[in-house]
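Trainee: Pasting in a structure now, in structure tokens, and then I'll have a few things to ask.
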Amino acid sequence: MTSDELKTLVKKLNAQATQAKMDLHDLSEELPIGWERVPEQAQKTFEAYARLAAAG
């Protein structure tokens with residue numbers, strides 16, 4: 001993978017992780033409505049940041 005490809009990948013993964021974080025944040029602001037979706041969204045956020053960390 002070239003340096004430019006890596007930068008593009010990291011940018012994409014960063015955007016995905018940021019969106020997952022914002023989705024989790026939005027969900028938390030609506031609590032107790034939607035409380036049952038917290039574990040699923042937290043897992044998505046965790047995985048997004050794990051992919052970002054592995055790429056960086």
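Trainee: Would you be able to say whether some residue in segment 47-56 is exposed (fewer than 13 other Cβ atoms within 10 Å of the Cβ), at pLDDT below 95 and outside any helix (DSSP H, G or I)?
Mentor: The answer is yes; a qualifying residue exists.
Trainee: Is one or more of the residues making up segment 8-16 modelled with pLDDT under 95 and either touching a Cys at 6+ places or on another chain (Cβ under 8 Å) or loosely packed, with under 14 Cβ neighbours inside 10 Å (or both)?
Mentor: no
Trainee: Let me ask another. Return only the number of the condition from (1) in a helix (DSSP H, G or I); (2) out of contact with any Ser or Thr (no Cβ under 8 Å at 6 or more places or on another chain) that L24 does not satisfy.
Mentor: Among (1) in a helix (DSSP H, G or I); (2) out of contact with any Ser or Thr (no Cβ under 8 Å at 6 or more places or on another chain), the lone unmet condition for L24 is (2).
The values are calculated or read from the model by the stated rules, or taken from the named source; none is laboratory data. Source: prediction; values computed, not measured. In this analysis, Cβ positions are derived from the backbone assuming ideal geometry, glycine residues included, and neighbour counts consider all displayed protein chains.
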